[in-house]
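The values are calculated or read from the model by the stated rules, or taken from the named source; none is laboratory data. Since the model is a prediction, treat every value here as computed from it, not as a measurement. Because the Cβ atoms are built from the backbone with ideal geometry, glycine has one as well, and the counts that use them run over all protein chains shown.
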Amino acid sequence: MKYTLALIVLISFSVQAQEVNWMSVEKAYELSKTDSKPILIDVYTDWCGWCKKMDKDTYAKADIAEFINKNYYAVKFNAEQKDSIHIMDHTFNFVAQGKRGYHELAAALLNGKMSYPATVFLTSKFEMITIVPGYQTEKEFDVILNYVEGEHYSSTPYEEFSASYTKK
């Protein structure tokens, strides 16, 4: 009985411990040259409460993290980071503005609509698939992840897909 309880605790801990394998945008860009996974970019800021809530309530869920790790290159990108980023023969820099500022890559990814959190989905060639603004629950995000990963966006409107979607 003691061993069974210990095994159950150990298994549940390992399921709960699943985390998204976040990487830099530069790393995702390099990896996408040889493996054609889509790219998921979580655009956030340190001061964004909804960003922290999405980290805790959505990205921290084992099934979401596992699906992302298996099917995407996942990038966590601070829209106010100061470091320059060089990808696709272009350098993106931080632009000071008021007390904070913004990163040019965040502005490019979000088409200038700077709201957080925002999830950007790109093809492996760094072509825009879609931008999903705002906080997403685990259930909502599961549908979105499967919609993009299965390339349903190329043939089925999202509303139609989500209405018929059942969790795998």
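Here are the numbers for the structure shown:
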quantity	calculated
Any hit, region 2-18, residues being farther than 22 Å from Ile129 by Cβ, modelled with pLDDT under 95, of a type in the set (A, V, I, L, M) and outside any helix (DSSP H, G or I)	yes
Residue within region 63-73 that is over 19 Å from Lys27 (Cβ atoms), modelled with pLDDT of 95 or more and hydrophobic (A, V, I, L, M, F, W, C) present	yes
Criterion violated by Ile144 - all others in (1) without any contact (Cβ under 8 Å) to a residue 60 or more places away in the chain; (2) within 14 Å of the chain's Cα centre (by Cα); (3) under 18 Å from Ala28 (Cβ atoms); (4) crowded, with 17+ Cβ neighbours inside 10 Å satisfied	(3)
Matching option when the condition is among the acidic types (Asp, Glu), crowded, with 18+ Cβ neighbours inside 10 Å and not in a loop (DSSP other than H, G, I, E, B), among Asp63, Asp42, Asp57	Asp42
Number of the exception - Phe121 against (1) touching a strand residue (DSSP E or B) at 6+ places or on another chain (Cβ under 8 Å); (2) over 21 Å from His86 (Cα atoms)	(2)
Gly49 vs. criteria of a type outside the set (Lys, Arg) and more than 20 Å from Ser24 (Cβ to Cβ)	yes
Residue satisfying all of: in region 77-104; farther than 18 Å from Cys48 by Cα and touching a residue at least 40 places away in the same chain (Cβ under 8 Å); surrounded by the most Cβ atoms within 10 Å (Cβ to Cβ) among these	Ile85
